[in-house]
Structures are given as structure tokens and as C-alpha cells.
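What follows is a set of notes on a single structure, which appears directly below.
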Amino acid sequence: MSAGERWEQMRGGEGVSRALRVLRHRWLIVSGVILVCVAFAVFRHERATKSYTATANVVFQSGTPAESALQVAPASTSEPLREADTEVLIAHSPEVAEAVRLQLHAHASANELLEQVQVEAEPNANVLNLIASTGSPQESARLANAFAEQYIAFRTKSELVDISTVQSRLQKQLAELPAGSVERANLQQSLQRLVELRAVAGGGASIIGTATPPTTPAGSSLSTTALVGLLIGVALAFSLVFIVEALDRRIKTIEEFEHEYRLPTLAAIPQSGFRARRAVERGELLEPYRILRSALDFAAVTRQLDTLMVTSAIPGEGKTTVAVDLAHTVALTGRRVVLMELDLRRPTFAEQFGLDTKDGLTTVLTQRTPPTELLIEPFPALPNFSVLPAGLLPHNPSELLGSPRIAEMISGLLSDEGMVILDAPPLNPIADAQVLLNSPAVHASIVVARVNKTSREDVRRARAILDRHMVEPVGIVITGLRESDRYGYGHGYGPHPGDSPTLDVSIDALSRPAGSESRGLSR
């Protein structure tokens, strides 16, 4: 297999995988549309007026009795289809329908009876099928048989009229011929045959199949109707899903985020990690952040990450939760961590940590208060983890974040073995985060991206902003994933009730290494 063929095969496999992901993501729409179509088809089938069909079969002969008596070839033998169409029109004529109405003493008009009857000619035989459809099996059979009988009666009447016409013509010709002539003898023989045919007029058509009351209504069965509804539902659902998917600009996979941001994924955070609004309630959901911490440890080998800015393209992607739980996870290694709230428009640290204070970052900037005096330790068991909330909201957050005082504050809070994590505003709607990207105190940044929320346009604008500033992003953190979309063991991997006792080792003991220290975040 050539390289081109392998590439086409890979692309085909990706297309199938993407289609399956789309169907899995939109399974509610698919199921709903299919159920509605099947239910509607069954409902229409049950509510529809039942129609019962009965068929009577009549055979007819070509030509007329007069032509037979005169021993001439029928004029229509060369056009059998035309003759069959003529017989169909006769059987379905208003004259026949009126005779049927009188025979059955029906209240319906002749035109209404014609609407209930259909006449078809067999393609390879002189046979008419008279098909009656009504809401009653018995009525359908009676109507089909009545049309067959009245068609024969109409044909018999027509034959008698035809015989009488020919007889009159022959008698005129006979009166003009001399007695004893050969022509006169031939005409007398023809007249004799016409008299004989008058006695058996109507024999050119007869019923060969009497209609009987049907036992089941016409049309498809309930199972067939449900199957048709299912097929229509599947077609509509697939069409609707892929139309919606084509119009939906939101990014839904990790691979799409990596392609648009041109950055690697550092960690994937499941949606379950956002159910608890307070940080203290998420202590058992930190496993993805340990993965993130390990990825940052690896990146710290080649670049400095002591001050790390956490941002996102738009609000609502989970950047604050990621910043809080990442700081919590790094602090669990024994390293000194300061978490600063730099989102001066929508601060949430008060809700995250249950704080009730108006002092914070803006107090340091406006009142020259040392930042160390306003640090809060939200977890008593982690004295090495401190938080500096935003404080009172200013009217000019962009100018405050761009001031040299911010860089001095960040550098002052950074200890020798410590780390400062900055919860920054989103990149796209405002300029607050963009001024921080040019700060010399900020060493690196990570971008939080949420599946099924961030659009491709949002990501491309955010990527353009990152390209224009000095701080280089390390990677992206994907949030909002379902448990089945994550790699690894997922939530709940750990001790459970009934397990064997676990070893309790203090953080202080783990933070005193026996040998040389690592350069990563966990040092």
C-alpha cells in the first residue's frame, strides 16, 4: 500500500470516528426525532379510516355480435390496448354507476360511487378488474359485484341495439334485391344469425371472479407502518444532526483545540470536577490537577514557571476553578504557593473559599498596604497555601493591571522556593489579560478551554492575542469533558469503604527531601 493510500485510509477512518462522535454527542436529537416519527406513523395508522378492498373479475370478448353474424373481422383487433381502454371507460361510466345506485338503493350519488371504484384491465388478457374500496368489507364486495353486473347489463343492452341497427340495414338491402338471387340468399342467412344472436346477447362478457368480503383492511400493516416511520425518522434525524453540526461552531474535541490553539493539551478536567462550587469540597477531585502539575513539572525543566498566569478565551470556561485547584495541588507537595485573583470584573474567590472580606489586591494598589498583610490561608492544614483576593472592584481594571505596581507585587510575593499562580481575566472580551501578557513578572501562561462552549472564532482570536505578546503559553487545559472522554482511571480511583487501612503521611514529611531537590513545580 502506498503512502497516499494509507493517508486516504487514515482520513476515512477519522471521518467515521468524527461521525460517530457527532452521533454520540447528539444522541438525544437522534432518539427524539426517531421516536416522534415512529409515534406519529403509528398514531396516523391507528386513527386512519379503515378501508376494505374487494375485487370482481369480468372477461369480455373482442368485436360485436353483429360483426360475428356478418363474419367480418372486428375493427379493433389490430388495437387490443385501445379496446381494453374502451371497456375500462364503459365499466367506469356514469351510466353504469347510476344503474348500480338503483340496484343497491344507495344514498350516494353516481359520482360518489365512481370515486369508490377503480377499474383496471389486465395487460395480457381480455379481463377487467373492478376494485371497490369502502369502510365496510360487505359493502365493498356488494359494490364490486354490482358494478360487474351492471357493466354486463350495459354491454348486453348495447349489443341488442347494435343487432337491431344491423337488422334494419340488412332488411332494407334485402327488399331491394330480386327474388332467387345469390346476394338475397346470403342476406337472409345473415339475418337468421342475427336473430339467433339476439337470444344470447350479453354472452360476450361474463363474471369469472365474484368479489368476497375482505378479512383485513387495505394498506400497510402496523408493523410495516412502524418500520416506515423508523426509516423516515432515521433519515430525518441524521440530516438534522449533521445540519446542526455544520452550523454549530463550538469545538467539541481535544484534537480540535490542539489544532486551533497550536498548543499541546496538559490535562483534561471532567465535568464532575466542577459540581462543587467551593474549593474545600473538591479535595477528592484533584487527580486531573496532579496530571496537570506533572505536565508543568516537565515543562519547568526547560523554562521558568514560578509565576504562572491562568486565562481563557471567553468567560465560563472554568479558568478560576483550574487556577484554584492547581494551586491547591501544588501546595500539597509542600511548596509555598500564592494564588492571586486578578479578575477585577467578575471575582469569585469569595465564593470559592467562603471569604467575607473587602480587602485584597485593590487595597494593596490604592492604600499601599503590604500584600503579605492581606494574604489569607483558606485551608488550615495547608499553611503554605495563601490567597490574595481581588478586593473592591475598580472602575479602571485594565489600567490597574497594567501598572508597574502589579509586577512589583507579583515579584514580592514570589519566594525562593515558592510559586505565584495568577487567576487572570479572559483574553477576548476585554484588555485586562492582554496587559498582563507583557508583564516581565509573568513567566508563562496556560489557557483553559471548555468543550461545547468555545467557538472556533473565539479560539482563533485568543490565539492571535497570544501571538502578539511576550508571555509564551505552555499549553491548554480542557474542561467540561464527560468521564468517558478522559484518559486514565477517572474519578473514584482511591480508597473506598472496606479497603485495607491506608498509610497517613504528613505533607511536611514529604516536603523534606533526603537528597537534591527537583527544579519542577513539586520541589
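The values are calculated or read from the model by the stated rules, or taken from the named source; none is laboratory data. Computed from a predicted model, the values in this text were never measured in an experiment. Please note: Cβ atoms are built from the backbone with ideal geometry, for glycine as well, and neighbour counts cover all protein chains shown. Ligands, DNA and RNA are stripped out before the accessible areas are found, and what is left, the full protein with its side chains, is counted by its heavy atoms. Shrake-Rupley method; radii C 1.70, N 1.55, O 1.52, S 1.80 Å.
The Kirkwood radius of the range 410-454, taken over pairs of alpha-carbon atoms, gives through the Stokes-Einstein law at 10 °C and 1.306 mPa s a diffusion coefficient of 128 µm² s⁻¹. Label point 7 Å out from LEU28 along Cα-to-Cβ: which residues of the range 226-244 have amide N under 11 Å? Under cut-off, by backbone N: nothing.
Restriction of the trypsin sites (Lys or Arg not before Pro) in the range 332-432 to DSSP coil positions whose beta-carbon has at most 16 other beta-carbons within 10 angstrom yields ARG345, LYS358, ARG368.
May I have the convex hull volume per residue, in Å³, for the Cα set of the range 313-454? Please list the in-between numbers first.
Details: hull volume 15.7 nm³, N = 142.
Hull volume over Cα atoms, normalised by residue count, gives 111 Å³.
Other residues with beta-carbon under 10 Å from the beta-carbon of LEU177 carry, at +1 per Lys or Arg and -1 per Asp or Glu, a net charge of -1.
Note that the range 344-399 presents 55 Å² accessible area per residue, ligands and nucleic acids not counted, probe 1.4 Å. Along the range 249-265 the Karplus relation, 6.51 cos²θ - 1.76 cosθ + 1.60 evaluated at θ = phi - 60°, assigns HN-Hα couplings of 8, 6, 8, 10, 10, 5, 4, 5, 5, 4, 5, 6, 7, 6, 9, x, 8 Hz to successive residues, with x for each Gly and Pro. Structural descriptor for the range 228-319: relative contact order 18 percent, calculated from alpha carbon pairs under 8 angstrom and at least 6 residues apart.
Using the alpha carbons alone, the radius of gyration of the range 208-352 stands to its Kirkwood radius in an Rg to Rh ratio of 1.37.
Taking label positions 7 Å along the Cα-Cβ direction at both ILE208 and ALA350, the computed distance is 9.6 nm, reported to one decimal.
Shape of the range 350-390 from its Cα gyration tensor (a ≥ b ≥ c, root eigenvalues): rounded if a/c is under 1.5, otherwise prolate when a/b > b/c, or oblate? Working shown, then result.
Values: a/c = 3.23, a/b = 1.54, b/c = 2.09.
Oblate shape, in that a/c is at least 1.5 and b/c is the bigger or equal ratio.
All other residues whose Cβ lies under 15 angstrom from that of ALA237 are scored, Lys and Arg at +1 and Asp and Glu at -1, for a net of +1. When each of the peptides 49-55, 39-45, 243-249, 311-317 is scored by the mean number of other C-beta atoms lying within 10 Å of its residues, the order from highest to lowest reads 311-317, 49-55, 39-45, 243-249.
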